[in-house]
Amino acid sequence: MVDVPTLVEQARAGRPRAVARLVSLVEGASPQLREVMAALAPLAGNAYVVGLTGSPGVGKSTSTSALVSAYRRQGKRVAVLAVDPSSPFSGGALLGDRVRMSDHASDPGVYIRSMATRGHLGGLAWAAPQAIRVLDAAGFDVVLVETVGVGQSEVEIASQADTSVVLLAPGMGDGIQAAKAGILEIGDVYVVNKADRDGADATARELNHMLGLGESRGPGDWRPPIVKTVAARGEGVDEVVEALEKHRAWMEERGVLGERRAARAAREVETITVTRLRERIGSLHGDRRLGALAERIVAGRLDPYAAADELVAELTGES
């Protein structure tokens, strides 16, 4: 058994091993997870959560590393949650702790953690919301969530971040991909990375055109900026941070930040509730009640929907 209060205290003191242990308890769905979340609840709510998404090859990890450097220059503590493809053998994250971010490995003000999606199609691990809460409660000022590049199913990041950054790169067909994936609806800030390549200006223009076509914004609404960067050289990264801070200020002024965080908490509660119900239903495999309902369906005395209604009523105690 883990001494949760001590572990939380150590995490708040900036001890990376304590933070890592808390995230591991989340990932492993530990029996002590309830105790962990109860201890963290009054401590969370201060970190600025930024999600980074985009097609494979646009430079998400390089951009994330550059953003870490920019925020560290401001003296802010930064945590990175890098959601990777799952290993088909171990279920773990294939890319480990992101060797491309090794420049920050010795910085006590930076914590980097990879999480496996474990087959979750939304581009985020199922435990990501609670892992974000751990990093928030541990006292990090900024939490960067970098998602696995899975294209059209990656829009889920918008539901987990305060601000969503969509990265594109010239010469990769990102304009067409953007229209297909619906990422024009989720981006708060757009970044055209690798802007030293031919076609960067054209990509920015095309993106600006598509944003204009899909616009239904009123006066005072947020207009997503388009920033060109060369993340590998750190060019344009300060402008990205400036755009992020402007968006955060706009959200705070309009009350949007609180609304997004409340919606995020509601989704988390919904997910936990559905998971618990699924676990209860899963235990019915081979149960006589399920067998009896199946027999009535086969005999034509009951339809599947009515059978499901009966089962739900029995499980939940509803009349």
Completion exercise
When (1) surrounded by 22 or more Cβ atoms within 10 Å (Cβ to Cβ); (2) in a loop (DSSP other than H, G, I, E, B); (3) small (Gly, Ala, Ser); (4) modelled with pLDDT of 90 or more are applied to Ser164, the one that fails is (2)
Handout entry: Residue in the range 268-319 that is nearest to Ala131 (Cα to Cα), counting only those that are modelled with pLDDT of 90 or more and not in a helix (DSSP H, G or I)
Key = Asp303
Handout entry: Cross-chain or 6+ apart pairs with Cβ under 8 Å, the range 14-29 first and open to solvent by less than 30 Å² (accessible area, probe 1.4 Å) and modelled with pLDDT of 90 or more, then outside any helix (DSSP H, G or I) and among the β-branched types (Val, Ile, Thr)
Key = Leu25/Val2
Fill in the blank from the handout: Scanning the range 232-264 for residues that are on the phi > 0 side of the Ramachandran plot and free of Cβ contacts under 8 Å to residues at least 60 places away in the same chain, the one surrounded by the most Cβ atoms within 10 Å (Cβ to Cβ) turns out to be Gly236
Fill in the blank from the handout: When restricted to Pro170, Pro219, the only residue open to solvent by less than 10 Å² (accessible area, probe 1.4 Å) and either outside any strand (DSSP E or B) or at pLDDT below 85 (or both) is Pro170
Practice task
Test each condition in (1) touching a strand residue (DSSP E or B) at 6+ places or on another chain (Cβ under 9 Å); (2) in a helix (DSSP H, G or I); (3) modelled with pLDDT under 85 for Tyr71 and report the one that comes out false.
Solution key: (3)
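The values are calculated or read from the model by the stated rules, or taken from the named source; none is laboratory data. Note that the structure is predicted; figures quoted are calculated from it, not measured. Note: ideal-geometry Cβ built from the backbone for every residue, glycine included; neighbour counts use all protein chains shown. Quick note on the areas: whole protein, heavy atoms, side chains included, nothing else; ligands and nucleic acids left out. Shrake-Rupley method; radii C 1.70, N 1.55, O 1.52, S 1.80 Å.
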